[in-house]
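Enquirer: Just passing along the structure, written as structure tokens.
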Amino acid sequence: MNKDKIIFWTTTAIIAVLVGFTPIFTWSDPKGMEMMNHLGYPSYFAPMLNIFKILGGIALLVPQIPSKIKEWAYAGFGFDFIAATVSLIAVDGPVGLSFFPLAFLVILAISYIYKEKLAK
């Protein structure tokens, strides 16, 4: 396996597993619901977001998923990380943890760059 594939699959797995599949195990986690309440989101938002994250994780990992669907998954995760950062800053101010989702945005960007590189 070449270096580009290793970078692509490592970054893609990090996003898919840590962001895409975590909702399966934390669906009704009281701390997660507390955070959503803290940020001012309505109660219906968390289940909807969890479903989209799970579908996005699957879309990124399964090679047979069409490229257009993968594009939507990358975009969805990107919007999620940016919106999470904005929400955290709006509620808690610009403290260190408010910028944590941007770390995942960087990992997502690396995955996307290497997906495009390998497609050529």
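Enquirer: Out of all the residues in the stretch 31-40, is one or more farther than 20 Å from Ile7 by Cα, in contact with a Ser or Thr (Cβ under 9 Å, 6 or more places away or on another chain) and part of a loop (DSSP other than H, G, I, E, B)?
Expert: Looking for residues that are farther than 20 Å from Ile7 by Cα, in contact with a Ser or Thr (Cβ under 9 Å, 6 or more places away or on another chain) and part of a loop (DSSP other than H, G, I, E, B), one finds at least one in the stretch 31-40, hence yes.
Enquirer: What is the one condition in (1) at pLDDT 90 or above; (2) closer than 21 Å to Leu102 by Cα; (3) part of a helix (DSSP H, G or I) that Thr22 does not satisfy?
Expert: Failed condition: (1).
Enquirer: Restricting attention to the stretch 59-84, and to residues there that are among the β-branched types (Val, Ile, Thr) and either modelled with pLDDT under 95 or outside any helix (DSSP H, G or I) (or both), which single residue is nearest to Ile6 (Cα to Cα)?
Expert: So the residue we want is Val62.
Enquirer: So, one more: Hey, Leu88 hits all of (1) more than 19 Å from Leu108 (Cα to Cα); (2) under 17 Å from the mean Cα position of the chain (by Cα); (3) without any contact (Cβ under 8 Å) to a residue 40 or more places away in the chain but one; which does it fall short on?
Expert: All conditions are met except number (3).
Enquirer: Using the structure shown, decide if Ala13 is surrounded by 13 or more Cβ atoms within 10 Å (Cβ to Cβ) and not in a loop (DSSP other than H, G, I, E, B).
Expert: Against the criterion (surrounded by 13 or more Cβ atoms within 10 Å (Cβ to Cβ) and not in a loop (DSSP other than H, G, I, E, B)), Ala13 qualifies.
Enquirer: Do we find that Thr22 is within 11 Å of the chain's Cα centre (by Cα), β-branched (Val, Ile, Thr) and surrounded by 18 or more Cβ atoms within 10 Å (Cβ to Cβ) in this structure?
Expert: No, not satisfied.
Enquirer: Which of the following residues is closer than 18 Å to Ala13 by Cβ and not acidic (Asp, Glu): Leu60, Leu39?
Expert: Leu60
Enquirer: Right, Lys53: without any contact (Cβ under 8 Å) to a residue 40 or more places away in the chain, part of a helix (DSSP H, G or I) and closer than 29 Å to Met1 by Cβ or not?
Expert: Considered against the rule, which asks whether it is without any contact (Cβ under 8 Å) to a residue 40 or more places away in the chain, part of a helix (DSSP H, G or I) and closer than 29 Å to Met1 by Cβ, Lys53 comes out as yes.
Enquirer: Output the number of the condition that Ala75 fails; it satisfies all remaining conditions of (1) over 10 Å from the mean Cα position of the chain (by Cα); (2) surrounded by 12 or more Cβ atoms within 10 Å (Cβ to Cβ); (3) aliphatic (A, V, I, L, M); (4) under 20 Å from Lys117 (Cβ atoms).
Expert: Ala75 satisfies every listed condition except (1).
Enquirer: Condition check: surrounded by 19 or more Cβ atoms within 10 Å (Cβ to Cβ), under 29 Å from Asn37 (Cβ atoms) and within 17 Å of the chain's Cα centre (by Cα). Does Phe100 satisfy that?
Expert: no
The values are calculated or read from the model by the stated rules, or taken from the named source; none is laboratory data. Since the model is a prediction, treat every value here as computed from it, not as a measurement. Neighbour counts run over all protein chains shown; Cβ positions are idealised from the backbone, glycine included.
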